[in-house]
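Visitor: Below you will find the structure I want to go over with you.
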Amino acid sequence: MSSSYLIPRPDPSLLSIVVPCYNEEQSLPLFDAAVTRFIDESPYPCEVILVNDGSGDRTIDFLAGWSARDQRIKVLSLSRNFGHQLAATAGVDYATGDAVVLIDADLQDPLQVIHDMVTQYRLGYDVVCGQRTGRMGENLFKRATAWFFYRLMQAFFLKSLPHDVGDFRLMSRRCVSSLRSMRELHRFLRGMVAWVGYPQICVRYERQARAAGTTKYPLSRMIRLAWNAAVSFSPLPLRVSFFAGGLMALLAIEEALRALVAYHSGRTVPGWTSLMIVVCVSNAVLLVTVGILGEYVARIFEESKGRPLYIVADAWNFAHESSAPSAGRSAGDEQQTAAQARR
């Protein structure tokens, strides 16, 4: 994926594993056992940063108990549900390892793949993505729409985005530092990491079915994620609406000429149907165009407020609050909320 010069490096002196959690009460006991076994057997030291994204079940109770039993388990609890991408951002912001792995708590992405990622990290790659060769437990519709989404994104919006790659990935410290400097509110992390650059490669694996619980990305959220990815990385929707408006203008001119011919030939009434069609279609295109323009204007409005990306209500096993960067718009701003750090 990258032709950049590679500089080999040793194993990370600390590997940070970032895990966003939203209503994962059923999955977490299984994830606890798998992660504890993984970090106990790991040849390099690990920290696990679990981010409670405003869960409505007993997720935070389990996380607090887990962190009390194991000092390697660090927990952030956000003040409300900010969404998967912002919860992942919070975890990456607080990670201190030489390499940072982003993974979900549903055990669909095998933890052992992390060792393959570290192997590529040692060769000099700054980003190692997990590329899915199969998606167990997912229906045909979801597999087909995911296949179409990645290829559409690569063709029209972000050419460096690899196929069939989710948020499961390893990032080097310099990649994380670059990513942390990007503080836009509407985030598509896998696209942002691809945009950052640096040497990148994929390791292939078969994605498993969920260990427990239900998916947190139903169709409605997948559509929102796809739309967010499209408008965050390209003005193409605006350009498409411009060309659509141009086509409608040509059609309107053609109908105007037809109307003049009909007027001079005394056949004005028969043209009423075609006139209504043109008026309705042109108005529809106009409304769609204004809607797309409004989406971009709304994003400008939201970004101009300068609010923090997330608010941390509580934190466990972090040495001190200053270890985390700003959750606001720029890396130099102070975080506007103080986490209660507990050892």
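Visitor: Among L107, L63, which is buried (at least 23 other Cβ atoms within 10 Å of the Cβ) and either in the same structural domain as V176 (by TED's automatic domain parsing) or farther than 25 Å from M182 by Cα (or both)? Outline the logic, then answer.
Guide: Details: L107 fails: buried (at least 23 other Cβ atoms within 10 Å of the Cβ).
After applying the criteria, what remains is L63.
Visitor: Looking at P29, P10, P20, P43, which one is modelled with pLDDT of 90 or more and not assigned by TED's automatic domain parsing to the domain that holds G197?
Guide: P10
Visitor: Here's a follow-up. Going through the stretch 57-81 one residue at a time, which ones are in a loop (DSSP other than H, G, I, E, B) and under 22 Å from the mean Cα position of the chain (by Cα)?
Guide: S79, R80, N81
Visitor: Testing P29 on (1) of a type outside the set (A, V, I, L, M); (2) farther than 25 Å from D98 by Cβ; (3) buried (at least 16 other Cβ atoms within 10 Å of the Cβ); (4) touching a Phe, Trp or Tyr at 6+ places or on another chain (Cβ under 9 Å), one condition comes back false. Which one is that?
Guide: (3)
Visitor: Now for a separate question. Within the stretch 24-40, count every residue that is in a loop (DSSP other than H, G, I, E, B) and of a type outside the set (D, E).
Guide: 2
The values are calculated or read from the model by the stated rules, or taken from the named source; none is laboratory data. The shown structure was predicted, so the numbers you read here are calculated from the model rather than taken from an experiment. Please note: Cβ atoms are built from the backbone with ideal geometry, for glycine as well, and neighbour counts cover all protein chains shown.
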